[in-house]
Amino acid sequence: MTTLVWLRDDLRLGDNPALTAAADDADGVIVLYVLDEESEYVRPLGGAAKWWLHHSLLSLREALGRRGIPLVLRRGAAEEQVPRVVRESGADRVLWNRRYGQARSHDAALKAALRESGITVRSSPGDLLFEPWTVATQSGGPYRVYSAFWRACTAGPPPAEPLPIPEGLLPSKRTVESEELSSWGLLPTDPDWAGGIAARWEPGEASAVRALEAFLETRVQRYARRDFPAEETGSELSPHLRWGEISPRQVWHRTLRAGGDTGMFLSELGWREFAKHTAFHFGPLESSNLNPRFDAFPWLTEADEGFDAWKAGKTGFGIVDAGMQELWRTGFMHNRVRMIAASLLTKNLGLHWRIGESWFWDTLVDADEASNPFNWQWVAGSGVDAAPYFRIFNPELQQKKFDPEGAYVERWAPYSVALPQIIDLKSTRGDALQAYRALPS
Ligand code: FAD
């Protein structure tokens with residue numbers, strides 16, 4: 001028996017159920033990653049995400065290589081590439097960890113097709129603490145309110161203990177050709193804009209584990225101050241979780257073992273679960289309002305000069321400009337600042353949340369199919385359990401409250417204080433509220 005392990009959003013060796021299950025194969029294992037830019041159900045990766053993927057695959061290849069297992073890289077539609085590598089390798093078993101977004105029905109179809117041709121296929125729990133279908137309301141439906149969702153999650157059995165890195169993986173006897181990672185063109189060249197991203201981040205499983213340990217050693221004690229962007233109290237695990245370099249189960253159990261007051265941090269993992277739960281039941285999230293009432297909202301649907309100023313960090317609102325600069329230069333933005341920037345775009349500049357969501361999708365290293373549109377809709381008011389529409393963040397008050405010394409603005413956009421503000425907060429707020437009140441109920 002030869003086993004093909006198809007990795008997707010799980011670029012790690014630890015707590016990897018598919019890889020662990022493959023370790024019992026005496027005839028060896030092939031590990032495959034497919035860059036699928038063809039299938040319509042796969043959202044094309046943004047620039048920052050491509051940069052991350054390149055480095056994450058390098059790191060994975062090295063880790064597998066140390067165990068004598070080659071990583072096979074293929075580009076094309078997964079439903080063609082996976083069966084092709086099955087044929088080339090003579091594999092009689094295919095294993096993967098589940099995806100819960102748009103890809104899942106295609107995974108199911110591929111599973112059925114492979115089984116029909118006599119291949120054994122098994123999927124294992126993927127990148128969630130709780131399988132989405134195991135968390136249901138009393139009437140058996142999905143949750144729409146975070147607090148009730150998280151209460152239900154935490155009332156049931158705890159997430160499974162993470163698996164160790166499997167010992168004894170054997171390489172397949174047959175060699176299967178791999179494409180060159182460099183030929184995929186995932187890195188920016190002309191110009192290479194990724195210098196600031198490379199200076200801040202180190203993709204890969206080892207670095208993800210280090211980031212978690214560093215967080216638990218120091219930052220977690222100050223996590224209650226997580227809304228203050230200059231204080232850097234977050235774990236910054238989001239890109240590692242996005243690419244599955246670490247699993248939420250590993251984060252959960254390691255955090256509990258570390259002890260202390262970690263409930264607030266773990267409940268943030270709950271928001272990640274809730275975004276994926278929502279995508280599983282109501283997705284795709286990036287294309288339509290979760291609350292159809294907002295289909296009639298008169299958002300501007302064409303990017304305009306307001307959008308240009310917003311994305312360049314030139315709005316004259318210091319905390320927003322600093323956030324947009326942090327994003328552009330490092331592929332990341334602090335959570336509270338993401339909310340303030342998204343509010344300015346959707347509620348003061350009057351632009352459709354999809355315009356801002358696309359920009360984040362292209363520039364975030366943690367750009368996630370569920371979390372990004374889920375949070376944009378949360379801020380815009382069109383989501384499930386969204387911030388009430390009348391909650392419009394005032395960027396000046398938010399800055400006073402969460403960056404009182406101006407340290408965050410000074411770090412990323414000191415020039416902003418000299419810029420004129422591109423809009424009047426009060427009148428645009430009034431316009432937004434008026435448009436909201438005119439929506440059909
Ligand atoms: P921590 O505070 O250390 O939290 C731990 C983990 O919990 C995070 O790594 C993340 O995986 C998860 N998490 C925390 N908050 C949220 C949240 N609100 N929603 C979902 N998961 C959460 N997060 C993404 O991972 N990808 C995105 O594309 C993304 N887009 C966003 C867009 C907007 C407009 C907003 C307001 C938020 C978005 N978030 C997104 C959520 C959040 O901003 C980031 O997860 C967080 O800033 C990551 O920093 P951290 O790892 O230090 O988080």
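The set of residues in the stretch 372-400 being part of a helix (DSSP H, G or I) and within 13 Å of the ligand (Cβ to nearest atom) consists of N372, P373, F374, N375, W376, Q377, W378, V379, A380, Q398.
Might you check whether a residue that is of a type outside the set (G, A, S), over 30 Å from L7 (Cα atoms), within 16 Å of the ligand (Cβ to nearest atom) and outside any loop (DSSP other than H, G, I, E, B) occurs anywhere in the stretch 212-219? Within the stretch 212-219, one or more residues are of a type outside the set (G, A, S), over 30 Å from L7 (Cα atoms), within 16 Å of the ligand (Cβ to nearest atom) and outside any loop (DSSP other than H, G, I, E, B).
Figure legend. Inter-residue proximity from the stretch 199-216: first residues closer than 17 Å to T255 by Cα, second residues of a type in the set (G, A, S) and surrounded by fewer than 21 Cβ atoms within 10 Å (Cβ to Cβ), beta-carbon distance below 6 Å, spacing 6+ or different chains. Indicated pairs: L216/A258.
Of everything listed in (1) among the charged types (D, E, K, R); (2) modelled with pLDDT under 95; (3) near the ligand (Cβ under 10 Å from one of its atoms), the single unmet condition for D366 is (2).
Considering the stretch 69-170, the qualifying helices (runs of 4 or more DSSP H), each wholly inside and each with 3 or more residues that are of a type in the set (D, E, K, R), run over 78-89, 104-116.
Against the definition (under 30 Å from E236 (Cβ atoms) and more than 10 Å from the ligand (Cβ to nearest atom)), how does G356 come out, yes or no?
Details: under 30 Å from E236 (Cβ atoms): yes; more than 10 Å from the ligand (Cβ to nearest atom): no.
Spelling it out, it is not the case that G356 is under 30 Å from E236 (Cβ atoms) and more than 10 Å from the ligand (Cβ to nearest atom).
Within the bounds of the stretch 401-423, is there any residue that is within 13 Å of the ligand (Cβ to nearest atom) and crowded, with 16+ Cβ neighbours inside 10 Å? No, because not a single residue in the stretch 401-423 is within 13 Å of the ligand (Cβ to nearest atom) and crowded, with 16+ Cβ neighbours inside 10 Å. Among the residues of the stretch 245-266, those that are under 21 Å from C153 (Cα atoms) and either under 13 Å from the mean Cα position of the chain (by Cα) or near the ligand (Cβ under 9 Å from one of its atoms) (or both) comprise I246, S247, P248, V251, M264, F265, L266.
Quick grid of which residues meet (1) touching an Asp or Glu at 6+ places or on another chain (Cβ under 6 Å); (2) buried (at least 19 other Cβ atoms within 10 Å of the Cβ); (3) without any contact (Cβ under 8 Å) to a residue 60 or more places away in the chain; (4) of a type in the set (A, V, I, L, M, F, W, C):
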residue	(1), (2), (3), (4)
A108	no, no, yes, yes
K111	no, no, yes, no
E131	no, no, yes, no
A148	no, no, yes, yes
L170	no, no, no, yes
E180	no, no, no, no
W184	no, no, no, yes
L187	no, no, no, yes
P191	no, no, yes, no
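Only one of the listed residues (R93, R122, R87) is touching a helix residue (DSSP H, G or I) at 6+ places or on another chain (Cβ under 7 Å), of a type in the set (D, E, K, R) and at pLDDT 95 or above. That residue is R122.
Helices (runs of 4 or more DSSP H) fully within the stretch 253-371 that include at least 2 residues being touching a residue at least 24 places away in the same chain (Cβ under 8 Å) and buried (at least 24 other Cβ atoms within 10 Å of the Cβ): 263-282, 318-330, 335-343, 353-363.
The values are calculated or read from the model by the stated rules, or taken from the named source; none is laboratory data. Given the structure is predicted, the values throughout are model-derived calculations rather than measurements. Here the Cβ is made from the backbone with ideal geometry for all residues, glycine too, and neighbour counts use every protein chain on show.
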